[in-house]
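Presented below is the structure to which this report refers.
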Amino acid sequence: MTTNERIEKHQPIEVWKSFDGSWTWEVYKKYQKPEAERKNPHARWYCKVMSPMMPEGEFGDTYVRDITSNASMVAVA
């Protein structure tokens with residue numbers, strides 16, 4: 001399934017929630033293998049991010065370290 005198909009069907013590969021529950025990251029695409037992500041401080045995922053400032057969410061690349069250091073995974077496809 002392509003990233004666009006996942007988005008249209010609202011089927012993220014993972015969902016992460018911030019520790020306080022105010023932010024949600026729906027992950028639709030990962031660009032690297034986990035081993036490479038751990039070595040790359042600029043590794044990124046394509047996500048829909050919902051926050052207090054953007055409750056309906058917006059799409060874009062987000063640094064993996066920003067998600068994993070502030071959130072925990074709550075769902076996996």
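Odds and ends about this structure:
- Members of the stretch 49-64 that are farther than 16 Å from His10 by Cα and of a type in the set (Val, Ile, Thr): Thr62, Val64
- Residue pairs meeting the criteria (Cβ under 6 Å; at least 6 apart or on separate chains; first within 11 Å of Val49 (Cβ to Cβ), in the stretch 1-27; second open to solvent by 30 Å² or more (accessible area, probe 1.4 Å) and assigned to a loop (DSSP other than H, G, I, E, B)): Ser18/Asn70; Val27/Ile13
- Filter pass, Glu8 being touching a His at 6+ places or on another chain (Cβ under 9 Å) and not hydroxyl-bearing (Ser, Thr, Tyr): no
- Hits in the stretch 1-30 - residues which are closer than 20 Å to Asn70 by Cα, within 14 Å of the chain's Cα centre (by Cα) and not in a strand (DSSP E or B): Pro12, Ile13, Trp23
- Within the stretch 34-77, considering residues that are among the small types (Gly, Ala, Ser) and not in a strand (DSSP E or B), the one farthest from the chain's Cα centre (by Cα): Ala36
The values are calculated or read from the model by the stated rules, or taken from the named source; none is laboratory data. Not measured: the values here are computed from a predicted model. Neighbour counts run over all protein chains shown; Cβ positions are idealised from the backbone, glycine included. When the accessible area is computed, the model is the full protein with side chains, heavy atoms only, and any ligands, DNA or RNA have been set aside. Shrake-Rupley method; radii C 1.70, N 1.55, O 1.52, S 1.80 Å.
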